[in-house]
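To start, the structure under review is shown below, and the notes come after it.
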Amino acid sequence: MEIHIHYKITAIFGIIIGTVFMGVYFYLNSSLSEAAYKRTKNNLLRQTSLSKSFVEESLGQKNVKSKKIDAIADNIAKDLGVRVTIIGLDGVVRGDSELDGRELLEVENHIQRPEIQTALKSDIGENRRFSTTVKKEMLYMATLYGKEKPCGIIRLSIPLLEIKAISANLKKMLSAAFLMAFL
């Protein structure tokens, strides 16, 4: 059975269109994901700076009870829509917007977390990693707080769900475009 020329031409055009759409998808996915990550990172950096100022005003240099520190973390998280952790310079978690009471007392020491180590060395630290606690890829931003001398560390974190959503939407859009072009 001989394949007619119009089927051969259709197959060649299908392959060309498919290749072009795949290239466009990978380029746009990479570019849009990077832009979304940078926007999220810059927003979290601004929120971290604002949170630092709020914590400094609320706590000052005095030694404050853990319940007040935890309430401050809860208030910041409620206003900004991020997870907030307030950590002592020794790595002990003093407040967390998602933990209370006994959970807060049992949380592991955070001194070895990469963003904490960087913040201790250079005032601000960031890390992008998978959180085993919430089972999502997260962006963490941490900074030292204290007016005259460092009193502790405030860390904000946010899930990077927007990047996955952009990729999924782009895939749907280009799949539809490919189907329309092929038809």
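For the stretch 53-66, enumerate the residues that are among the polar types (S, T, N, Q) and either open to solvent by 70 Å² or more (accessible area, probe 1.4 Å) or modelled with pLDDT under 90 (or both).
Ser58, Gln61, Asn63, Ser66
Given the residues Ile111, Ile69, which is the only one that is farther than 24 Å from Thr40 by Cβ, at pLDDT 90 or above and either surrounded by 20 or more Cβ atoms within 10 Å (Cβ to Cβ) or β-branched (Val, Ile, Thr) (or both)? Let's see the steps before the verdict.
Values: Ile69 fails: at pLDDT 90 or above.
Checking each option against the conditions leaves just Ile111.
Can you name every residue in the stretch 152-172 that is at pLDDT 80 or above and more than 30 Å from Ala77 (Cβ to Cβ)?
Within the stretch 152-172, just Lys172 meets the criteria.
Just checking, how many residues over the stretch 148-183 are of a type in the set (A, V, I, L, M, F, W, C) and closer than 19 Å to Gly125 by Cβ?
The qualifying residues number 6.
One line per residue, one yes/no per condition, for (1) within 24 Å of Ser33 (Cα to Cα); (2) open to solvent by less than 60 Å² (accessible area, probe 1.4 Å); (3) of a type in the set (Ser, Thr, Tyr); (4) touching a residue at least 24 places away in the same chain (Cβ under 8 Å):
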{"site": "Ile87", "(1), (2), (3), (4)": "no, yes, no, yes"}
{"site": "Gly91", "(1), (2), (3), (4)": "no, yes, no, yes"}
{"site": "Val107", "(1), (2), (3), (4)": "no, yes, no, no"}
{"site": "Arg129", "(1), (2), (3), (4)": "yes, yes, no, no"}
{"site": "Lys135", "(1), (2), (3), (4)": "yes, no, no, no"}
{"site": "Tyr145", "(1), (2), (3), (4)": "no, yes, yes, yes"}
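Would a scan of the stretch 111-118 turn up a residue that is within 19 Å of Leu59 (Cβ to Cβ) and within 20 Å of the chain's Cα centre (by Cα)?
Narrowing the stretch 111-118 to residues within 19 Å of Leu59 (Cβ to Cβ): 116.
Narrowing the set further to residues that are within 20 Å of the chain's Cα centre (by Cα) leaves 116.
Yes; the residues of the stretch 111-118 include at least one that is within 19 Å of Leu59 (Cβ to Cβ) and within 20 Å of the chain's Cα centre (by Cα).
Can you work out which of the residues in the stretch 66-84 that are in a helix (DSSP H, G or I) and in contact with an Asp or Glu (Cβ under 9 Å, 6 or more places away or on another chain) is nearest to Ile158 (Cα to Cα)?
For the stretch 66-84, the residue satisfying everything is Ala77.
Just checking, how many residues over the stretch 10-49 are free of Cβ contacts under 8 Å to residues at least 60 places away in the same chain, farther than 19 Å from Met141 by Cβ and either open to solvent by less than 80 Å² (accessible area, probe 1.4 Å) or not aromatic (Phe, Trp, Tyr) (or both)?
Counting residues in the stretch 10-49 that are free of Cβ contacts under 8 Å to residues at least 60 places away in the same chain, farther than 19 Å from Met141 by Cβ and either open to solvent by less than 80 Å² (accessible area, probe 1.4 Å) or not aromatic (Phe, Trp, Tyr) (or both) gives 11.
Take the conditions out of contact with any Pro (no Cβ under 6 Å at 6 or more places or on another chain), farther than 21 Å from Ala36 by Cα and surrounded by fewer than 16 Cβ atoms within 10 Å (Cβ to Cβ) and apply them to Asp96. Does it pass?
When the stated conditions are applied, Asp96 does not pass them.
So Ser175 ticks every box in (1) open to solvent by 40 Å² or more (accessible area, probe 1.4 Å); (2) over 17 Å from the mean Cα position of the chain (by Cα); (3) within 30 Å of Gly88 (Cβ to Cβ); (4) among the hydroxyl-bearing types (Ser, Thr, Tyr) but one. Which box is left unticked?
With respect to (1) open to solvent by 40 Å² or more (accessible area, probe 1.4 Å); (2) over 17 Å from the mean Cα position of the chain (by Cα); (3) within 30 Å of Gly88 (Cβ to Cβ); (4) among the hydroxyl-bearing types (Ser, Thr, Tyr), Ser175 is out only on (3).
The values are calculated or read from the model by the stated rules, or taken from the named source; none is laboratory data. Quantities reported herein were computed from a predicted structural model and do not represent experimental measurements. Because the Cβ atoms are built from the backbone with ideal geometry, glycine has one as well, and the counts that use them run over all protein chains shown. SASA here: full protein model, heavy atoms, side chains in, ligands and nucleic acids out. Shrake-Rupley method; radii C 1.70, N 1.55, O 1.52, S 1.80 Å.
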